[in-house]
């Protein structure tokens, strides 16, 4: 039987992040490359190749950045909530770092979604903004991200910050179905989903191709920046430990 | 050229893509800058720790 000394337990704690560091070094160039390739291809197709919409002319091309960023905003919030839950239940050392590193990325995508939506709304609906269910719930999503970031930063003890922010992330999950179904539950200016109706999507296949490329590209971008931010968080943790050890010595 | 005029919607289409590109590039840039700074700090602390250990060992040998 292995006798667990205190020192051993410490190294065990670092084992997972160390494995992650090795893994991340292998996949990093691939996700970064995939992101650049698919986004460039999506932009060329979406802005240059596919024909204008029969109703909206060229303004509909905003969709190729608006819809993927909306999906990313929701998806990354889901990742944040799940990893917060994993952090609570199993105390996995990487889980909270994943949630913490994801928050600014999700906030950026949500902001892009709102910003491009506003630029799309003005020529199509005649208004930059309207307080309807879809737009308001998306704004709430942005505030949930900002609240999470602020709460995490408000505590000196990172474990306490993770717990408080994690609770906020989990409570905020209620907003995700509200965003998703807001266009069906309430009257809204926002059009319903065009792409998720698998049996009869109301989008032309030539227009779906750049949309899919952009979604893959944004996913790969998320993976790329997440790896960078996670490595920075792991380095921070190591800096804290080294500082503590040198103060003690 | 219709590519740049976007059928009259240039004022809406290009700022959308421009803003998205600016936000995503900025996030990438600042994330990377933070990582480089932290890694440098971490290496400096590790070097100092090794130095302290080496001094402690050499002092232990001389006694």
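The values are calculated or read from the model by the stated rules, or taken from the named source; none is laboratory data. Model, not experiment: these values are computed from the prediction. Positions of Cβ are backbone-derived with ideal geometry, glycine not excepted, and every protein chain shown enters the neighbour counts.
Inspect region A:13-29 for any residue being surrounded by 14 or more Cβ atoms within 10 Å (Cβ to Cβ) and at pLDDT 95 or above and give the result as yes or no.
yes
Please work out if residue A:30 is assigned to a helix (DSSP H, G or I), within 29 Å of residue A:140 (Cα to Cα) and more than 11 Å from every other protein chain (Cβ to nearest Cβ). Walk me through how you get there before you give the answer.
Details: assigned to a helix (DSSP H, G or I): yes; within 29 Å of residue A:140 (Cα to Cα): no; more than 11 Å from every other protein chain (Cβ to nearest Cβ): yes.
For residue A:30, the condition - assigned to a helix (DSSP H, G or I), within 29 Å of residue A:140 (Cα to Cα) and more than 11 Å from every other protein chain (Cβ to nearest Cβ) - is not met.
When only residues in region A:109-137 that are buried (at least 23 other Cβ atoms within 10 Å of the Cβ) and within 14 Å of the chain's Cα centre (by Cα) count, which is nearest to residue A:191 (Cα to Cα)?
A:113
If we scan region A:235-249, do we find a residue that is within 14 Å of chain B (Cβ to nearest Cβ) and outside any helix (DSSP H, G or I)? Break it down into steps so the answer makes sense when it comes.
If we filter region A:235-249 for residues that are within 14 Å of chain B (Cβ to nearest Cβ), which is where we start, we get A:235-249.
If we keep only those that are outside any helix (DSSP H, G or I) as well, we get A:249.
Yes, some residue in region A:235-249 is within 14 Å of chain B (Cβ to nearest Cβ) and outside any helix (DSSP H, G or I).
Please give the number of the condition residue A:82 fails out of (1) over 22 Å from residue B:21 (Cβ atoms); (2) at pLDDT 90 or above; (3) at the interface with chain B (Cβ under 10 Å from one of its Cβ atoms).
Failing condition for residue A:82: (3).
Does residue A:88 satisfy the criteria of being within 12 Å of another protein chain (Cβ to nearest Cβ), over 20 Å from residue B:6 (Cα atoms) and in contact with a helix residue (DSSP H, G or I) (Cβ under 9 Å, 6 or more places away or on another chain)?
Numbers: within 12 Å of another protein chain (Cβ to nearest Cβ): no; over 20 Å from residue B:6 (Cα atoms): yes; in contact with a helix residue (DSSP H, G or I) (Cβ under 9 Å, 6 or more places away or on another chain): yes.
Considered against the rule, which asks whether it is within 12 Å of another protein chain (Cβ to nearest Cβ), over 20 Å from residue B:6 (Cα atoms) and in contact with a helix residue (DSSP H, G or I) (Cβ under 9 Å, 6 or more places away or on another chain), residue A:88 comes out as no.
This table checks each residue for (1) within 14 Å of another protein chain (Cβ to nearest Cβ); (2) surrounded by fewer than 19 Cβ atoms within 10 Å (Cβ to Cβ); (3) over 25 Å from residue B:42 (Cα atoms).
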residue: A:159; (1), (2), (3): no, yes, no
residue: A:162; (1), (2), (3): no, no, no
residue: A:171; (1), (2), (3): no, yes, yes
residue: A:180; (1), (2), (3): no, yes, yes
residue: A:212; (1), (2), (3): no, yes, yes
residue: A:218; (1), (2), (3): yes, no, yes
residue: A:233; (1), (2), (3): yes, no, no
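Does residue A:189 qualify as being at pLDDT 95 or above and either closer than 23 Å to residue A:62 by Cβ or surrounded by 18 or more Cβ atoms within 10 Å (Cβ to Cβ) (or both)?
Values: at pLDDT 95 or above: no; either closer than 23 Å to residue A:62 by Cβ or surrounded by 18 or more Cβ atoms within 10 Å (Cβ to Cβ) (or both): yes.
The answer is no for residue A:189.
Given the criterion out of contact with any strand residue (DSSP E or B) (no Cβ under 6 Å at 6 or more places or on another chain), at the interface with another protein chain (Cβ under 9 Å from one of its Cβ atoms) and at pLDDT 95 or above, identify the matching residue among B:37, B:10.
Values: B:10 fails: at pLDDT 95 or above.
Answer to the selection: B:37.
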